[in-house]
Each structure stands twice: as C-alpha cells, then as structure tokens.
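Here the structure comes first, spelled out in structure tokens, and everything after it is commentary.
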Amino acid sequence: MRVNRLSRARTRTAVGLSVAALAAGATTGAGPAVAQPKAAAAAADCSAAYTIEQKLSTGTTWRMCYRYDSKAGLVLNNISYQPKGETKPIKVLNSARLAQIDVPYDDGSVEYDDLTGFGFAQGLVNLASGECPGGTIKTVKVPDAWDPEHPNVKGLCTTTRSRGHAYRMQGNSANQVYQAQGKDLLVYTVNQVGWYEYMTEWRFQDDGTINMNVGATGSLSYEDYDAGDGRGWPIGKGAKAYATSHSHNVFWRLDFGLDGSSKGKVEQYDSAVTAPAAGQQAPTNKTTRTSVTKELAGDAKTYRWWRMVSATGKNKDNHARSYEIVPGTTTRYPGRSFTKHDVYFTQYNKCEQYASNNPGNCPAGAGKTVDKWVNGQTLTHPIVWMNVGFHHIARDEDQQPMPVHWQGFSIAPRDVTAMNPLTPDALASQNGHWQPRS
Ligand SMILES: [Cu+2]
C-alpha cells in the first residue's frame, strides 16, 4: 500500500481502520474549542459560540445554530430567514445536513460509504485564511478525532458573496432602473476522505433560496488505476494508467420546521401538455396537485416538482407559506435500492439518520437504508432525503489537483413573503393586479 505525501494514510482502508480503532474510547461531544463569553441567548436558540447570524447588505438576515457531528460533519439547526419587511425571523428548517456519500466503482471492486464508514467527519481540514475570503474561520472540535490530542480544527468558514443581479426592472423613464445585486451567506467545510476532498457548501441567498452542494476535489484515488478492466479512462501518457470510473451519490437530510412547526405538508405537482384542440392557438398545459400524505419514494421528471407547505404560517397575502424543492442535475444510480429514487419523504424517526448503512439503533428488521423506511406511514412530520448522483469518468484535466465538481440542489421560497423580499419601497404597492403606470 502506498501512502501519499501526507503522513496520515490517505487510503480508504487505512482511514477506515483508524476510525474504527479510535471509536472504542471516543466521546461524542463536539463544540467550539475556544471558550467564548456567554452572550444573551441568540435568536437561533443556541449560545453565541454555536450561532451563525448574518445580516446581508440587502437587508435579509439568516440565523442558524451549528454543531459538528461524528459522522455527518457539519449540521445546521434552527435555520431562519428574515427579509427586511418581516418583523420576526421565519423558521425554515429544524435541521439540515448530509446523510451519506455513497461511492461505488464501475468495476464492482468496491463501494465506499464515506460518512458512516470512512471518517468523512474526522477528515475535516484546517482552512487557510485565503480560502474564506472576507469571512471568519471558526474552530470546530471534531468528535472521535484521529488524533485525540488535537481535535480542534479551524475548519468552518462563514462569509458572504455577491451573486450578480437579484432583479432588474426598467422604470418609467429611460434612465430609471430598479436593480439590486444579490448577496449570499456562505457556510462551508472541507473534509478529506481518502484521496478526495469534499467541500460541503451551504449558500443562503438574500431572497430566501438555500443552495446545498458538495464539491469533489483533491486528487483521483491513487489506488484506483487499473489498466485492464475496460471500465476506466486513460490518464497520463498513452493508454496505460486507467482511472476507474465511479459514482458519487450524495444524500442530504432536511427536517423542515416552517413557521416553527414540524407538521408541514408535502405536495407534488405535475403538468401535462396536450396538443391544441380545434380553434386553439396553442397546446394546453394542465397542472395538478397531489397531496403526499404517506411516505413516498419520488422520481424527478420534467414538469414534476414538490413543495413543503407550512402547517401554520401564512404570508401577508394570506397564502400558505411553503418551500419548493428544486432538484439539481443528477445521474441516478440504479445499482442500489436506496439510490434508485431522487427523493424520499419519510415520517420522522429518531433512529433513521443515514441513507445507507444507517448506524442508528432502529429495531431489528427496520432496514439500514432510506428506501426501507418508505413503508406506508402517514406523514405528520416529513423528513426529506435528496439523492443527487454524479458518474465520474475521469479526464486528463482531473489531475492535478482535480478541479472541483459540484452536485447538489436548492430549496426556494414559494409564498413565504407576499412579494419579492427585496422589493424596493417605490414598488411596494405593485402587488397582485396592480394599476399599470400611466
Ligand atoms: Cu470521483
């Protein structure tokens, strides 16, 4: 076995063994390494040391608590959104985190469960100051750290970033333009697993959208060059070193708490287009809503989407608040029962924590994968599991280092506020069927 330039063995096997060896005597507590003064209780319901709160220059405030889990890594709790027109924070999520990174190799030789089996959380790396531009790098205590003497890692970046136009609209005169440049809060960690480095990025936009993405970078796995299996891609001179192709199936687990209630309702929408009837100028498109009242393994397709509807909250137009699930580009991996669907809605169960190889002590027979938990229960507290896959056929450009490849999805507010949360005062009256400008 070859060990790379870092003293810590980076091969998957070595990492797995060291984690297992340390797990026996390890504790599970995690927290900031530096004692911090007790501040007044923050709005996000955690002490100041565990709070992330950012008021963006466009007027929107995001608040959340964080903790660092021994398997999931970064966990964000009590996430709330307060655009400038709202007097109180609007709760969005009870909890948001990764739920697995499943990496099967195309030649059938191996399949990694990076979160539950290969020390994803323990692989948290220190960030150089330059890789959190304009932000703050927080020190995180890693539970079950590889080196128990040094569990503290400067590994959590919080910063802000511009994202270009949030909107633009021509006013009444040629030189009057309503425009705003959008701002985002970014929260991210980098976790090393074997030769790979995974960036786990959470992006909170000032318009209420949340984007969650995992970026794979680092290095192609040294051990996974095999010139003979016919399933790889030649990397390097000629056709000797073939990097074995593989998939990265990333799962997120979202526990919604819209307006402070966990009893959100799931809805699925589908639209069907029909050719024009006689006398019609265009095809018709009919959209239907289906209430998802029982657990569901859902498949994304054109004209289908889902939303989580608040059990209690309405916006100022008296419309139920909701968040829409916006799938990202995915290559769904058909090789495992738990990767066969794009989204799973399951009834909350404390022991159901990871999409595969779930270590929670569910009762015998409950199954170890998320698909098994879709078994007909009524959804009174739905949990959303998103599965986004990427089939990685290496290319020459993947070395060296490997450029970051992102995969993920978004949730976007739908009727959370009565208007665009960034609407300028001059346009605040233009809601609904407003009078055209004269
Ligand atoms: Cu890859």
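None of the figures in this text is laboratory data; all of them are computed from the coordinates on show. The structure displayed is predicted, hence computed values, not measured ones. Note that each Cβ is placed from the backbone with ideal geometry, even for glycine, and that neighbours are counted across all protein chains shown.
Which trypsin sites (Lys or Arg not before Pro) does the range 195-245 hold that lie in a coil by DSSP with at most 12 other beta carbons within 10 Å? Numbers along the way, then the final one.
Details: sites: ARG203, ARG231, LYS237, LYS240; in loops: ARG231, LYS237, LYS240.
Counting only loop positions with at most 12 other Cβ atoms within 10 Å, the trypsin sites (Lys or Arg not before Pro) in the range 195-245 are LYS237, LYS240.
Mean separation of Cα pairs under 8 Å and 6 or more residues apart, divided by the residue count, gives the chain a relative contact order of 15 percent.
Sort 317-328, 57-68 by the packing proxy (mean of other Cβ within 10 Å over each peptide's residues), most packed first.
Values: 317-328: 18.2, 57-68: 21.5.
Packing order, densest peptide first, comes out as 57-68, 317-328.
Legend: residue pairs LYS265/LYS301; LYS88/LYS141; LYS265/LYS350; LYS71/LYS138; LYS183/LYS368; LYS138/LYS183, Cα-Cα distance threshold 28 Å; pairs beyond threshold, LYS88/LYS141; LYS183/LYS368. With helices as the sole contributors, the chain gives -1000 deg cm²/dmol at 222 nm; each DSSP H run of n ≥ 4 counts as -39500 (n - 2.57), and the sum is divided by every residue. Taking the Cα centre of the chain as the origin and placing charges on Cβ (Lys, Arg +1; Asp, Glu -1), which of GLN430, ALA166, ALA48 is farthest toward the positive end of the dipole? After comparing all options, I get GLN430.
So between GLN399 and ASP45, what do we pick up on full extension, going 0.36 nm a residue minus the alpha carbon distance? Show your work: numbers first, answer last.
Numbers: separation 354, 0.36 × 354 = 127.44 nm, distance 4.42 nm.
Result for the pair: 123.0 nm of gain on full extension.
Packing-based ranking of 260-269, 212-221 yields 212-221, 260-269, ordered from highest to lowest mean Cβ neighbour count within 10 Å. Each principal axis of the Cα cloud of the chain was evaluated for its coordinate range; sorted largest first, these ranges are 76, 65, 52 Å. Estimated from the Cβ-Cβ distance and a Förster radius of 51 angstrom, the FRET efficiency linking ASP147 and ASN285 is about 0.30.
What angle, in degrees between 0 and 90 and rounded to the nearest 10, separates the Cα long axis of helix 12-23 from the longest principal axis of the Cα atoms of the chain? For helix 12-23, the angle is close to 90 degrees.
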